[in-house]
Structures are given as structure tokens and as C-alpha cells.
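A.B. asks: Sharing a structure here in C-alpha cells format.
The values are calculated or read from the model by the stated rules, or taken from the named source; none is laboratory data. A quick note: this is a predicted structure, and the numbers were derived from the prediction, not measured. Cβ: placed from backbone, ideal geometry, glycine included. Neighbour counts: every protein chain shown.
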Amino acid sequence: MLALFRIAAIAVAGATLYYAGLLNSIVIQRPERPGAVAVVVAIGAALAIIAGALRGTGEGDALAPAVHTRLHRLTWTFVCVMAIVSLAWLVSMPRQHSEDWTPYHNDAIALNDCAARLLLQGKDPYATLDIFQCYDSLQIGADRTTPLRRGEFADIAVYPTDGQLDQAWVLRQQIGGNVEFVTNPSYPALSFLLLVPFVAIGIDSNYVYLACLIAAMLLITWRAPGTLRPFVLTGLFGASCLVAFTVGGSADLMYALPLVAAWIWRERLAGGIAFGIAAAIKQIAWFIAPFYFIAVVASSGWRAAVRQAAIAVGIFVATNLPFIVWHPAAWLEGVLTPVVQPMFPRGAGIVFLGTSGGIALLPAAAYLALEVIAMLGCLAIAWRARRTSPEIGIALALIPLYFAYRSLFSYFFLIPLFAFAGLVRMPFGELTVQRAREAGALTIFALPAKLRAVARSERAA
């Protein structure tokens, strides 16, 4: 029962990413703890499993006879347990299940919130946002910043300690001249424009991001074949990195929802609109652009791909043009911050072996070369497999970031969500109750009809 196996494989990869993310945060906070190698290996394995789960067309997979029933049942039992873990994270959302109780878990959330507030005041956030005023109003400090390798941090090789961050923060508060902390909004304009109505009425933006995740999960489940929907939904929750790290604090869900919609609807103009929205929210979507358009070419031809590209570019320009005209240099500096500013090496990809794994840190150019090679390799695979494995591109798109100088864990934890968006497009066919039982599949959302009938008859007796 290959359809169910594909679902379970992506869910298990998502659960692997969940534990890798937890270990990653422990090692970052306590560098003396071992575990960097385990994190890097686990994330690499998860990426490989997800790509493997999207190989082939999937045609008729739900109709194939079941094999390895015991292994399937064991795997699905684990997926169901991890789905319950995700539901527990959801229940904990009002208390911000985290060691800190502020809703501003990182600078992406904090700066987007402050940018929306400035826009409500009629000010251009790219030109007027001051990180010290912003953070004072939110009652957070230097531990929520992105430090830069210059000024007080110019001679630090790996990453400033909390003490060094605090010392530089106090210094710049007192005398000004900040060069150590990213202060501009560093994403395209829709990242904060979409938050304006919620900030205006005082809604915690974390609930907006969670709503985006739930909407994406519902869209994926709706697109799945009817008889597979309970298993897809169980798999989405079983990939517990999705819920856990959204509840833990992530603004990335804002771009993830339109990206999921774009991949699912890529034969329609709505796909181009959705992709344009995603690209106008966060630069990570730009990495997915060539894989998206390869998939559009494969399914609809070159003309459709050109139309969708034009629509996406038009939406990006239209939403950012007011800020480009307002203060062009400030907008460009903000959007290009991840590329042009001297960032510290940071992440959960192979760079983690150099920052926390006891292996020599390579020059930044070496990681860039590896990233470029990986991108070219992934593009070649996606192009050659565009008809035999039309959904694999969504799983390959972010693999190059695994080799990058900046490979933050936030780049990877949404990959299972994107993979499910590709998986539900596969022509599996309809799953029968008998096939599901033979495969040993389990779901926490519905029992197969025959099992429900048996349960009802037993209760009646």
C-alpha cells in the first residue's frame, strides 16, 4: 500500500525534524552538550526520506496490495502518537508552551509587529524602524536580535555570547551608532502589510501564524482523495515539527500558506497569484521559484509558466512598489539584508558541525560553493524527473540551504507541509476499507466504516 507508506514516511520525517529541532536548540543554548552531529544527520535523513516519498507519479498507489503489514502498523502507531503530541502543543498555545512567556520569540515576529505599527502611523518601516525603540515597547532585549559581524562583534568567530550581546546592546542604547544588530525589516513588504489589520485590533500575531498553518493543513486535506483524508490529516499532525515550532514562534507560516496553495493550484492562474504573494512575504520562496516553474512547465507548458511568472512578478512589484518609491535605498537594504550584511555562521545544516560539532569551520565562500552545487544538482534532478516524478521539486527546493553558511532550522521544519502539498496531487485512486485494514494503517481522526459498524453492533449486543 504505497500511498499510505508515502504519507507515513513524510510524517516520520517530520517527527524526526521535531526531535532534531529540540536537540538543535539545546546544543545552541548549551554548546558544551554533544549532539550537533546527530542534528545534522537527522535533518539530512529527513530531507532524503521526504524526497524519496515523492518519487514517481503515485498513479494507482492506493489500489496496490498491502505488504509488510506489521511494519506499517508499527509505523502508523508511531505517527498517531506523534499526532497526539502535536495536539498537545495546540492545546498549550494560550500559554505559549515555551520557556519564555513573551509572544515575541524572535526578531522576525518582533520587527514585523513593529513595522505594522509604524505603517499604521503613516511611517515607512524600512526607513524609520529603530530596533531599540521597538524592543523597549515590546519589553524584550538583545537575545531576540540578529547580530552582525562588525563593530563590537568584529573579532568574534562563531557567535556572540548572551553577555556580549547584552553589553553591546546597552552600549548602543547609550551612545547610538548601532552597527551590531539588524534593525531594518529584512523581508518584502507583505510580511508586515498583511499583519496591519491584526495589529490594529490587538491580536497576537502568533495566532495569525497558527491560523495560516491550520488553513494550509485543511487545504491539503481537502485536496486529498476522500478515503485518504483521515490518514493525510493524521500524517500532517504526525509530522509534529509543524505544530510544535509554529506554536513555539515562527513567522514563516505567513509565506507557507500561499506557497502550499500555489503548488496545489499550479495549473491555474490562482497558482501564480498565490506564488507571487509567497514571494512578496519572504525570500525563502525565491529558492522554490525555479522548481515551481519547472513543475508548471511539465503540467501546463511554457506559455502557462511565463504567464504565471509574470503574475507573480507583478504581485511582488505591486506590493513593494510604494516602499521602493518611498525610500528606495532603505527598501533595498532591508530586503537584501540576508545577502549583503556580514552575518554569523548559524544553523542546523552542515555549518552546525563547524559551529558546535567540533569540526573546523570552513570559509563562508566554501559553504556558498556547496550551496550552489547542491542547487544545480537539485534543479537538474527536478528537470529530468519533471514528468516521471512531477511533485519531487517541492521536496528538493530547500535542500541547498542544508549546505548554506546560514541554514537556520526554521528553513527546514516546514518541508513536510510542502511535501504533503505535492503528495495529495498524486493520482493515488481511492483507498478501500479492506486495503487500509490489510496495510495496518491507523488514524486518530476516523475509523474505517466497517470497523465503525462492527463497534456499533458490539455495543448494541
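A.B. asks: How many residues are assigned to a helix (DSSP H, G or I), among the hydrophobic types (A, V, I, L, M, F, W, C) and closer than 19 Å to residue 138 by Cβ when one looks only at region 169-188?
C.D. replies: Matching residues across region 169-188 total 2.
A.B. asks: Of these, 330, 289, which one is of a type in the set (Gly, Ala, Ser), part of a helix (DSSP H, G or I), surrounded by fewer than 23 Cβ atoms within 10 Å (Cβ to Cβ) and touching a helix residue (DSSP H, G or I) at 6+ places or on another chain (Cβ under 6 Å)?
C.D. replies: That would be 330, the only listed residue that is of a type in the set (Gly, Ala, Ser), part of a helix (DSSP H, G or I), surrounded by fewer than 23 Cβ atoms within 10 Å (Cβ to Cβ) and touching a helix residue (DSSP H, G or I) at 6+ places or on another chain (Cβ under 6 Å).
A.B. asks: Working only within region 273-286, note down all residues that are in a helix (DSSP H, G or I) and under 16 Å from residue 410 (Cβ atoms).
C.D. replies: 278, 284, 285, 286 - these are the residues of region 273-286 that are in a helix (DSSP H, G or I) and under 16 Å from residue 410 (Cβ atoms).
Here's the yes/no breakdown for (1) buried (at least 18 other Cβ atoms within 10 Å of the Cβ); (2) within 18 Å of residue 17 (Cβ to Cβ); (3) at pLDDT 95 or above; (4) in contact with a strand residue (DSSP E or B) (Cβ under 8 Å, 6 or more places away or on another chain):
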{"site": "393", "(1), (2), (3), (4)": "yes, no, yes, no"}
{"site": "412", "(1), (2), (3), (4)": "yes, yes, yes, no"}
{"site": "415", "(1), (2), (3), (4)": "yes, yes, yes, no"}
{"site": "428", "(1), (2), (3), (4)": "yes, no, no, no"}
{"site": "439", "(1), (2), (3), (4)": "yes, no, no, no"}
{"site": "442", "(1), (2), (3), (4)": "yes, no, no, no"}
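A.B. asks: Separate question: Here are some conditions: (1) under 30 Å from residue 321 (Cβ atoms); (2) in contact (Cβ under 8 Å) with a residue 40 or more places away in the chain; (3) touching a Lys or Arg at 6+ places or on another chain (Cβ under 9 Å). Residue 126 meets all but one. Which one does it not meet?
C.D. replies: Unmet for residue 126, out of (1) under 30 Å from residue 321 (Cβ atoms); (2) in contact (Cβ under 8 Å) with a residue 40 or more places away in the chain; (3) touching a Lys or Arg at 6+ places or on another chain (Cβ under 9 Å): (3).
A.B. asks: Within region 217-243, how many residues are modelled with pLDDT under 95 and within 28 Å of residue 113 (Cα to Cα)?
C.D. replies: 0
A.B. asks: Which one of 385, 366, 421, 380 is in contact with a Phe, Trp or Tyr (Cβ under 7 Å, 6 or more places away or on another chain) and at pLDDT 95 or above?
C.D. replies: Checking each option against the conditions leaves just 421.
A.B. asks: With respect to residue 366, is the statement that it is farther than 24 Å from residue 57 by Cβ and not in a loop (DSSP other than H, G, I, E, B) true?
C.D. replies: Numbers: farther than 24 Å from residue 57 by Cβ: yes; not in a loop (DSSP other than H, G, I, E, B): yes.
Taking the combined requirement at face value, the residue satisfies it.
A.B. asks: Within region 37-53, identify whether any single residue is outside any helix (DSSP H, G or I), within 26 Å of residue 433 (Cα to Cα), in contact with a Lys or Arg (Cβ under 9 Å, 6 or more places away or on another chain) and modelled with pLDDT of 95 or more, and answer yes or no.
C.D. replies: no
A.B. asks: Right, something else. Could you count how many residues in region 61-93 are outside any helix (DSSP H, G or I), of a type outside the set (S, T, N, Q) and more than 20 Å from residue 13 (Cα to Cα)?
C.D. replies: Within region 61-93, the first condition is being outside any helix (DSSP H, G or I), and the residues that meet it are 64-68, 92.
This time we only want the ones that are of a type outside the set (S, T, N, Q), so: 64-68.
Add one more test, that the residue is more than 20 Å from residue 13 (Cα to Cα), and what stays is 64-67.
Qualifying residue count for the region: 4.
A.B. asks: Kindly provide the set of residues from region 379-391 that are assigned to a loop (DSSP other than H, G, I, E, B) and surrounded by fewer than 20 Cβ atoms within 10 Å (Cβ to Cβ), ordered by number.
C.D. replies: Just the residues of region 379-391 that are assigned to a loop (DSSP other than H, G, I, E, B), to begin with: 385-391.
The answer is 385, 386, 387, 388.
A.B. asks: One residue is enough: does region 343-356 have a residue meeting the conditions surrounded by fewer than 17 Cβ atoms within 10 Å (Cβ to Cβ), over 21 Å from residue 282 (Cβ atoms) and either touching a residue at least 40 places away in the same chain (Cβ under 8 Å) or among the aliphatic types (A, V, I, L, M) (or both)?
C.D. replies: The answer is no, given that none of the residues of region 343-356 is surrounded by fewer than 17 Cβ atoms within 10 Å (Cβ to Cβ), over 21 Å from residue 282 (Cβ atoms) and either touching a residue at least 40 places away in the same chain (Cβ under 8 Å) or among the aliphatic types (A, V, I, L, M) (or both).
Quick grid of which residues meet (1) surrounded by fewer than 24 Cβ atoms within 10 Å (Cβ to Cβ); (2) of a type in the set (Asp, Glu):
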position	(1), (2)
227	yes, no
232	no, no
239	no, no
246	no, no
267	yes, yes
272	no, no
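A.B. asks: Hey, can you tell me all the residues within region 189-216 that are farther than 30 Å from residue 237 by Cα and either in a helix (DSSP H, G or I) or not hydrophobic (A, V, I, L, M, F, W, C) (or both)?
C.D. replies: Once the filter is applied, which keeps residues that are farther than 30 Å from residue 237 by Cα and either in a helix (DSSP H, G or I) or not hydrophobic (A, V, I, L, M, F, W, C) (or both), region 189-216 yields only 200.
A.B. asks: Next up: If you go through region 151-166 one residue at a time, how many are exposed (fewer than 14 other Cβ atoms within 10 Å of the Cβ) and free of Cβ contacts under 8 Å to residues at least 24 places away in the same chain?
C.D. replies: Within region 151-166, residues that are exposed (fewer than 14 other Cβ atoms within 10 Å of the Cβ) and free of Cβ contacts under 8 Å to residues at least 24 places away in the same chain number 5.
A.B. asks: Suppose we filter region 157-212 for residues that are aliphatic (A, V, I, L, M), more than 22 Å from residue 320 (Cα to Cα) and in contact with a Lys or Arg (Cβ under 7 Å, 6 or more places away or on another chain); how many remain?
C.D. replies: 1
A.B. asks: Still on this model: Which one is surrounded by the fewest Cβ atoms within 10 Å (Cβ to Cβ) among residues in region 171-185 that are without any contact (Cβ under 8 Å) to a residue 40 or more places away in the chain and touching a strand residue (DSSP E or B) at 6+ places or on another chain (Cβ under 9 Å)?
C.D. replies: 179
A.B. asks: Considering only region 278-301, state which residues are polar (S, T, N, Q) and either over 29 Å from residue 337 (Cβ atoms) or in contact with a strand residue (DSSP E or B) (Cβ under 9 Å, 6 or more places away or on another chain) (or both).
C.D. replies: 299, 300, listed by residue number.
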